[in-house]
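Some notes on the structure that comes next.
The values are calculated or read from the model by the stated rules, or taken from the named source; none is laboratory data. For clarity, every value in this text was computed on a predicted model and none was experimentally measured. Quick reminder, even Gly has a Cβ in these numbers, built from the backbone with ideal geometry, and neighbours come from all protein chains shown.
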Amino acid sequence: MRRSMLFLPGNTPNMIINGDALGADSIILDLEDAVSPDEKDAARLLVRSAMQNMGFVGVEITVRINSIDTDYWKDDLDAIVPLKPNLIMPPKASCAEDIRTVDAYIAEVEKRCGMEIGTVKLIPLIETAMGVENAFAIASACPRVAAIFLGGEDLTADLRCKRTKAGNEIDYARKRLVVAARAAGVDVYDTPFTDVNDDEGIVTDAEYAKSLGFSGKSAIAPRHVKVINEVFSPSIKDIEYAKLVFEAIRIGKEQGKGAVSLRGKMIDKPIVERARQTLEMAKQLGLGGDSDE
C-alpha cells in the first residue's frame, strides 16, 4: 500500500540513510531536479550504495531518473535497475512513446542481469501540458506502468501561470490524471504541497486530493508525511460503516432478500466496492479490516 511518497535528494546522504524512519510508505530517491549537473555521477553512486547497503525496512523504493532528453538516463538505469527498486520514475513524460523507450531499455538491463522482464515497475511523472493531454496513453503505455504522478511545479511553468497554494491552476490536470489512471487501471499520485511550514494547508490539500480520487500524495518535507498518511487511511467511522455494509448483505441473504438497505439507503454495487476497498486497506494497516464478505 502506498499512501505517501517522500522525495529525498539523491545527493543528501544524511536524509537518505534515514529514509525508512521518516514514516513514508515510499521514498523517492531523486537523481533529477534535486541534483545539479556536476553532481549527477556522485548522486547516482550514493543512491546505488544506499540501496545496496541500507535495509530500508518497511518502505518502498522509487528512483526518479533523469529525463530521456538528457545524457544521464541510461547511466541511471544501468546503475539502479540491477538493484531491483520497486519503481522507476521517468520525469517529463509527454507521450506513450517516452514510456515505451524507458520500458525497452529497462528490459535490456533486466535481461542482461538475469532478471525477469517486468520486475521493475514504472510511475511516469506527468508535468507538461502535453503530458496531461496524453495522460491515458501514458498510463496505458505498457504493462510496466503501475501508476502515474502529477508534477505541479514544472506543469505550471509550462502553462505559464503561477503556482499557488489554492491550486486552482492545476485543478484540471489533477482531475484529468485521476480519470486517466482509473480508466487505465493504475494508481495515481498527487503533487507535493510546497509550503513546508503551512500545517493547515497540507491537511486541506491532501483532503482535496483524496476527494478527487488520488491513491495518495507526495511530499517534499518529512513533516507532511504523517498528515498524508492519516488523510489517505480509512477512519474508524469508515471501517465500521464498511463492516455494517457486509453485515447487512449477510443478513439479507439469510432472509432471502433480493435487495438490501442500510440506514434507509439501498446497498448497490458501488457502495459494496467502496466498502471492500476500505476493509482491504484497513486490513493492510492492521486496523481491523476483517469482514464476513
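Among the residues of region 57-91, count how many are among the hydrophobic types (A, V, I, L, M, F, W, C) and surrounded by fewer than 18 Cβ atoms within 10 Å (Cβ to Cβ).
The total comes to 2.
If I ask for residues that are among the hydrophobic types (A, V, I, L, M, F, W, C) and either buried (at least 16 other Cβ atoms within 10 Å of the Cβ) or within 14 Å of the chain's Cα centre (by Cα) (or both), which ones from region 112-129 would you list?
Within region 112-129, MET115, VAL120, LEU122, ILE123, LEU125, ILE126 meet the criteria.
Does any residue of region 41-54 turn out to be part of a loop (DSSP other than H, G, I, E, B) and either out of contact with any His (no Cβ under 8 Å at 6 or more places or on another chain) or in contact (Cβ under 8 Å) with a residue 40 or more places away in the chain (or both)?
yes
What's the number of the only condition in (1) out of contact with any Leu (no Cβ under 7 Å at 6 or more places or on another chain); (2) assigned to a helix (DSSP H, G or I); (3) of a type outside the set (Val, Ile, Thr); (4) modelled with pLDDT of 95 or more that ARG174 fails to meet?
(1)
Mind checking which residues of region 1-31 are assigned to a loop (DSSP other than H, G, I, E, B) and either surrounded by 19 or more Cβ atoms within 10 Å (Cβ to Cβ) or not acidic (Asp, Glu) (or both)?
MET1, ARG2, ARG3, GLY10, ASN11, THR12, ILE17, ASN18, LEU22, GLY23, ALA24, LEU31
For region 16-61, enumerate the residues that are polar (S, T, N, Q) and within 17 Å of LYS84 (Cα to Cα).
Result: SER26, SER49, GLN52, ASN53.
Out of region 217-253, which residues are within 28 Å of ASN18 (Cβ to Cβ) and hydrophobic (A, V, I, L, M, F, W, C)?
Matches in region 217-253: ALA219, ILE220, ALA221, VAL225, VAL227, ILE228, VAL231, PHE232.
Between residues in region 78-98 that are assigned by TED's automatic domain parsing to the domain that holds ASP33 and residues that are part of a loop (DSSP other than H, G, I, E, B) and among the basic types (Lys, Arg), which pairs lie under 8 Å by C-beta distance while being six or more apart or on different chains?
Close Cβ pairs (under 8 Å, with a partner that is part of a loop (DSSP other than H, G, I, E, B) and among the basic types (Lys, Arg)) amount to ASP98/LYS92.
Looking at region 270-288 only, could you name the residues that are modelled with pLDDT of 85 or more, of a type in the set (Gly, Ala, Ser) and closer than 24 Å to GLY58 by Cα?
ALA282
Taking region 142-185, which residues are farther than 19 Å from ILE202 by Cα and aromatic (Phe, Trp, Tyr)?
TYR172
Could you tell me whether any residue of region 169-182 is surrounded by 21 or more Cβ atoms within 10 Å (Cβ to Cβ), within 14 Å of the chain's Cα centre (by Cα), among the β-branched types (Val, Ile, Thr) and more than 24 Å from MET15 (Cβ to Cβ)?
No, the conditions are met nowhere in region 169-182.
What single numbered condition from (1) within 19 Å of GLU127 (Cα to Cα); (2) in a helix (DSSP H, G or I) fails to hold for LYS165?
(2)
Return the total of residues in region 209-220 being in contact (Cβ under 8 Å) with a residue 40 or more places away in the chain and of a type outside the set (D, E, K, R).
Going through region 209-220 one residue at a time, the tally reaches 6.
In region 68-88, which residues are of a type in the set (Phe, Trp, Tyr) and either closer than 20 Å to VAL145 by Cβ or out of contact with any Leu (no Cβ under 8 Å at 6 or more places or on another chain) (or both)?
Selection gives TRP73 alone.
Can you say whether ASP71 is without any contact (Cβ under 8 Å) to a residue 24 or more places away in the chain and of a type in the set (D, E, K, R), as far as the supplied structure shows?
Judged against the criteria, ASP71 is a match.
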